[in-house]
1. Against the definition (in a strand (DSSP E or B) and touching an Asp or Glu at 6+ places or on another chain (Cβ under 8 Å)), how does Ile35 come out, yes or no?
2. What residue, among those in the range 27-50 that are of a type in the set (Asp, Glu) and within 10 Å of the chain's Cα centre (by Cα), is surrounded by the most Cβ atoms within 10 Å (Cβ to Cβ)?
3. Out of the range 25-55, which residues are within 19 Å of Pro2 (Cα to Cα) and in contact (Cβ under 8 Å) with a residue 40 or more places away in the chain?
4. Could you check how many residues of the range 6-26 are more than 19 Å from Glu65 (Cβ to Cβ) and either modelled with pLDDT of 95 or more or buried (at least 16 other Cβ atoms within 10 Å of the Cβ) (or both)?
5. Output yes when any residue across the range 39-55 is of a type outside the set (Ser, Thr, Tyr), assigned to a loop (DSSP other than H, G, I, E, B) and touching a Pro at 6+ places or on another chain (Cβ under 6 Å), and no when none is.
6. Consider Ile12 carefully, then state whether it is within 17 Å of Ala83 (Cβ to Cβ), under 10 Å from the mean Cα position of the chain (by Cα) and assigned to a strand (DSSP E or B).
7. For the range 61-79, which positions are more than 16 Å from Phe7 (Cα to Cα), of a type outside the set (D, E, K, R) and surrounded by fewer than 17 Cβ atoms within 10 Å (Cβ to Cβ)?
8. In this structure, does Trp58 turn out to be surrounded by 14 or more Cβ atoms within 10 Å (Cβ to Cβ), closer than 17 Å to Pro2 by Cα and at pLDDT 95 or above?
Amino acid sequence: MPEICRFLGVVIKMFFDDHNPPHFHAEYGDHHAQIDIQRCCVLGGSLPPRVTGLVIEWATLHQDELLNDWKRAQASETLLKIAPLE
């Protein structure tokens, strides 16, 4: 699963040819969650509340880039890195 971003201890990854809806995986320590790209909400798993807020903020800022990477992943193309939350 390719890493597309890393910030504040959070690792953002996306699987190739993953199931719908378009989403990414966020890892923070032992916590893991799947985040819906279009609705910017948690689909499954959990992160600490503060980390969830940061990940949702980042996803909102980079929604178009995430959707582009989702399309690339579905086509088994190389994913593009996305800037971290500053």
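1. On the way: in a strand (DSSP E or B): yes; touching an Asp or Glu at 6+ places or on another chain (Cβ under 8 Å): no.
Criteria not met by Ile35.
2. Applying the filter and picking the extreme gives Glu27.
3. Val55
4. So the count comes out to 1.
5. no
6. For Ile12, the condition - within 17 Å of Ala83 (Cβ to Cβ), under 10 Å from the mean Cα position of the chain (by Cα) and assigned to a strand (DSSP E or B) - is met.
7. Correct list: Gln63, Leu67, Asn68, Gln74, Ala75, Ser76, Thr78.
8. no
The values are calculated or read from the model by the stated rules, or taken from the named source; none is laboratory data. What you see is a predicted model, and the numbers here were worked out from it, not measured in a lab. Neighbour counts run over all protein chains shown; Cβ positions are idealised from the backbone, glycine included.
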